[in-house]
Amino acid sequence: MTEFPSIDAAQLVKQAIEAQQRAYAPYSHYPVGAAVLTEDGRVHTGCNVENAVYPLTMCAERVAILKAISEGARHIRAVAVVTPNGGTPCGSCRQVMQEFGAPEMPVFIGRSDGNYRQRTLAELLPDGFSAADLTTNATTNKNEWNE
Ligand SMILES: [Zn+2]
């Protein structure tokens, strides 16, 4: 069994804070930074990138995750996200985390001052939709149906 180094939450939050300083948020004035640890031990960072056409804005978490995937990663081990006030990831980002992270994956939700709290992906996105739900010959969560 391969031993992976333990997750250094404080370091990951620190890298998210550094990414937060590169945020492009001229409209919301709500800078967000994220740092994603992948299975190979690399860290990919991201910041929110807003646009004058507001719906085109991209969240920091998704920037970091898409960067990681585009660099060859397929599994993420931890996510740190930092906002000015400790705001939590939006629903879209939770769904993208679901695609590449395990239910027990830690998500460190931090503030710009470095304080953070920890949740798991399953706590942030209970009963989330995944590739398994696309299997048409099996009903998901079979034991919960009145059949
Ligand atoms: Zn988001």
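The values are calculated or read from the model by the stated rules, or taken from the named source; none is laboratory data. Everything numeric in this text was worked out from a predicted model, so none of it was measured. Using ideal geometry, Cβ is built from the backbone for each residue, glycine included, and neighbour counts are taken over all protein chains shown.
Those strands (runs of 3 or more DSSP E) of the range 29-140 in which 3 or more residues are surrounded by 19 or more Cβ atoms within 10 Å (Cβ to Cβ), touching a Leu at 6+ places or on another chain (Cβ under 7 Å) and not β-branched (Val, Ile, Thr) occupy 76-83. Inside the range 88-120, can you point out the residues that are over 25 Å from Ser70 (Cβ atoms), under 12 Å from the mean Cα position of the chain (by Cα) and either away from the ligand (no atom under 16 Å from the Cβ) or at pLDDT below 95 (or both)? Thr120, the sole residue that qualifies.
Of all residues in the range 11-28, those satisfying the criterion of being outside any helix (DSSP H, G or I) and of a type in the set (A, V, I, L, M) are Ala23, Ala25.
With respect to Lys67, is the statement that it is within 16 Å of the ligand (Cβ to nearest atom) and among the charged types (D, E, K, R) true? Criteria met by Lys67.
Candidates in the range 71-87 are the residues that are in contact with a helix residue (DSSP H, G or I) (Cβ under 7 Å, 6 or more places away or on another chain) and among the small types (Gly, Ala, Ser); of these, the one that is farthest from the ligand (Cβ to nearest atom) is Ala78.
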